[in-house]
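To start, the structure itself, in structure tokens.
Rule-based calculations on the coordinates, nothing more; no lab input. Here the structure is a predicted model, which is why all the values come from computation and not from measurement.
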Amino acid sequence: MNANLEAEITNLLQSWSAGNRDAEERLWRLVFAELKRLARRHLAHQRYDHTLQSGGLLNEVYMRLTGLKNTQWENRAKFFAMCSRMMRQILVDHARARHCLKRDGAASGMPLHEIDFVSESKAIQLLALHDALEALARIHPRKSEVVEMRFFGGHSMDEIAELMNVSRLTVIRDWNFARAWLGAAMNGKSIDEE
């Protein structure tokens with residue numbers, strides 16, 4: 001993304017935060033393609049027959065964003081990071097609801113052709129990753145943000161360094177630490193020190 005477009009998005013975000021509805025419409029035209037790519041990236045980590053499509057995921061994000069009050073957007077990086085977290089949370093909520101439905105036996109009254117026989121292992125992995133990321137964010141917020149941007153956002157190390165205003169080496173260290181920490185947390189272990 002070029003510097004002029006980045007600056008325009010940041011300005012529109014700040015105008016939208018101030019209540020400018022025209023800025024909101026212009027902003028969505030500029031960020032829609034990037035958000036669609038982000039939604040597809042999130043859905044790529046789901047099971048192949050996921051019932052939520054990228055358009056539906058974007059609609060959910062839009063509804064949540066427009067419902068936020070007193071949100072001050074610093075820049076486009078914070079906006080896209082927030083959108084990425086919202087997408088992950090929507091997918092986690094979707095997986096939890098689906099898992100609950102199956103556990104409670106509510107699917108038993110459904111016609112046979114409507115019951116999903118696909119393994120729920122990806123949904124369970126998503127829930128475990130979500131819980132581990134939430135725990136990491138409480139202890140190491142920057143490292144958690146690097147994971148969001150790299151894994152879910154698809155940003156390169158250089159892009160993340162630029163967006164977070166840190167060195168590439170710092171991003172690499174954060175990424176390596178976070179991967180080890182998340183792997184241990186998802187396997188029931190704990191890594192407390194950097």
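Taking amide H positions as placed 1.01 Å from N in the peptide plane, with prolines and chain starts having none, which residues 5 or more places from Asn20, or on another chain, fall under 5 Å of its amide H?
Under 5 Å from the amide H of Asn20: no residue qualifies.
What are the ³J(HN,Hα) values, in whole Hz, obtained from phi via the Karplus relation 6.51 cos²θ - 1.76 cosθ + 1.60 with θ = phi - 60°, for each residue of the stretch 88-97 in sequence order, with x given for Gly and Pro?
Working through the residues one at a time gives 4, 5, 4, 5, 5, 4, 5, 5, 5, 4 Hz.
With a/c under 1.5 counting as rounded, go ahead and sort the stretch 119-194 into rounded, prolate or oblate using the C-alpha gyration tensor (a ≥ b ≥ c being the square roots of the eigenvalues; past the cut-off, prolate if a/b is larger than b/c, else oblate).
Oblate, since a/c reaches 1.5 and b/c is not below a/b.
Return the long-range amide H neighbours of Asn75 (sequence gap of 5 or more, or a different chain), with a cut-off of under 5 Å between placed amide H atoms.
Placed amide hydrogens put nothing under 5 Å from Asn75.
Please list 3J(HN,Hα) in residue order for the stretch 133-141, calculated via the Karplus relation 6.51 cos²θ - 1.76 cosθ + 1.60 where θ = phi - 60°; whole Hz, with x for glycine and proline.
5, 5, 5, 4, 4, 5, 8, 9, x
What are the ³J(HN,Hα) couplings of the stretch 144-149, residue after residue, when phi is run through the Karplus curve with 6.51, -1.76, 1.60 and θ = phi - 60°? Round to Hz, x for glycine and proline.
Here the 3J(HN,Hα) series is 5, 5, 4, 4, 4, 6 Hz.
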